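The values are calculated or read from the model by the stated rules, or taken from the named source; none is laboratory data. The structure presented is a predicted model; accordingly, all values stated were derived computationally and were not measured. No Cβ is skipped: glycine too gets one built from the backbone with ideal geometry, and neighbour counts run over all protein chains shown. The area values use the complete protein model at the heavy-atom level, side chains included, leaving out ligands, DNA and RNA. Shrake-Rupley method; radii C 1.70, N 1.55, O 1.52, S 1.80 Å.
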Amino acid sequence: GRGTIFEQTIYDMTNGTYRSEVLSVLAVVGPGGIGKTTFTQHLYNDKRIEEHFPVRVWVCVSTNFDVVKLTQEILNCILAVENEESSRANETTNLDQLQKTVAQRLKSKRFLVVLDDIWKCNSESEWKNLLSPFTKGETKGNMVFVTTRFPNIAQVVKTTKPIKLQGLEPDEFWEFFQACIFGDTGVELEQHDLIDTAKEIAKKLKCSPLAAKTVGRLLKNNLSREHWVEVLERKEWENQKNEDDIMPALKISYDYLPFHLKKCFSYCALFPEDHKFDVLEITRLWIAIGITDSSGENREVNDTRSRYLDELVDNGFLMKGDDNYVMHDLLHELSQFVSSEECINISGSCFRADSIPPSIRHLSINIEGKLNEDYERELDKLKKRIDVRNLRTLMFFGEYN
């Protein structure tokens, strides 16, 4: 459903608008679940782009816009492209030194840098600081791609007209929704007595690809009229706040998960957004909490844990990478919502202890960058509010004291 804009963007990057500029920043902006990252991944992996940009870098930014850490990650990616030891980038936190190294590495090479899923950027000067090493090369046609939900961020970062992604066109969405339900079986809803029900459900999905995938899989699991009508008549649809809101669709799919998968999914809220789930890491958490059996490492137990992960993938709640699993940020929000009385992930220094329910039993803390006195005061308050003796899980991410 993005064919025209996709081909135009490839042409602009390789032959057209951007080829004569030293550095162009193109923002892809649109609501969550609309396909910004997927669109950009297809561009990034297109053979024409691979041939045009000798150096390609992909960094997931999310809520933590830290210039030093992002520059380290970018340098790590550049070193990996050149088959060098990538951990060298973490040897220094001196921004000036890092940026000099990045600039030197990119000096004579055309590059594409993708900064995926930016949630915040504190100032225009901070943004220009991040871009500084990209402006010193000898080649033209270099690109920085930014994906974001927020139009105000697109305005700060762009040097050219942003790509605004909305829902798929209705006809294309209908075709995609059918594919999500029936896959490659060749069955079409037009041949099915469920067509009217399916069209009513499709209207509620806001032409969102993510909603189509999760609800499509829910319908695929049970091709009965009773099941589909029940999904259509769920009261959660009434909670849609605006024309882009697909959270009720995701919540309905969650409600139909079997109990064991609901538990597995809800505890994913303890991990940071965009976390790459290692199989051992997540299954050990499930064992520790008591979701899965801990009686030895026999084949049957391991098969059960592996099956749970595969079932979450099959139901659209996790995506499988090469050697790990990842979760869409909207599904991560859903996991936080459904476990909010039991699990909490503290991310950043702006949290307030008073907003955290005393019923919390599973706590994780992301510590990134410098922590101020307010943060320490709030942590002290939190110790009294939730009573540490009642915690069953405590997890830390990042460097911590």
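Can you name the number of the only condition in (1) of a type outside the set (Phe, Trp, Tyr); (2) open to solvent by less than 10 Å² (accessible area, probe 1.4 Å); (3) in contact with a Ser or Thr (Cβ under 9 Å, 6 or more places away or on another chain) that residue 208 fails?
(3)
Identify, by number, the condition in (1) modelled with pLDDT of 90 or more; (2) open to solvent by 10 Å² or more (accessible area, probe 1.4 Å); (3) over 21 Å from the mean Cα position of the chain (by Cα) that residue 303 doesn't meet.
Result: residue 303 fails condition (1) only.
Considering only residues of region 138-151 that are crowded, with 20+ Cβ neighbours inside 10 Å and either in contact with a Leu (Cβ under 8 Å, 6 or more places away or on another chain) or among the aromatic types (Phe, Trp, Tyr) (or both), which is nearest to residue 244 (Cα to Cα)?
This residue is 147.
Within region 129-151, how many residues turn out to be over 26 Å from residue 15 (Cα atoms) and of a type outside the set (A, V, I, L, M, F, W, C)?
Number satisfying all stated conditions: 3.
Can you tell me which of (1) surrounded by 14 or more Cβ atoms within 10 Å (Cβ to Cβ); (2) out of contact with any Phe, Trp or Tyr (no Cβ under 9 Å at 6 or more places or on another chain); (3) outside any loop (DSSP other than H, G, I, E, B) is the one residue 253 doesn't meet?
Exception for residue 253: condition (2).
Suppose the filter is β-branched (Val, Ile, Thr), in contact with a helix residue (DSSP H, G or I) (Cβ under 9 Å, 6 or more places away or on another chain), surrounded by 19 or more Cβ atoms within 10 Å (Cβ to Cβ) and closer than 12 Å to residue 65 by Cβ; does residue 114 pass it?
No; evaluated as a whole, the condition is false for this residue.
Given the options 389, 377, name the one that is within 23 Å of residue 290 (Cβ to Cβ), part of a helix (DSSP H, G or I) and either open to solvent by 60 Å² or more (accessible area, probe 1.4 Å) or at pLDDT below 90 (or both). Give the steps one after another, and end with the answer.
Numbers: 377 fails: within 23 Å of residue 290 (Cβ to Cβ).
The unique qualifying residue is 389.
Being more than 26 Å from residue 31 (Cα to Cα) and assigned to a helix (DSSP H, G or I) is the filter; apply it to region 221-234 and report the residue that is modelled with the lowest pLDDT.
225
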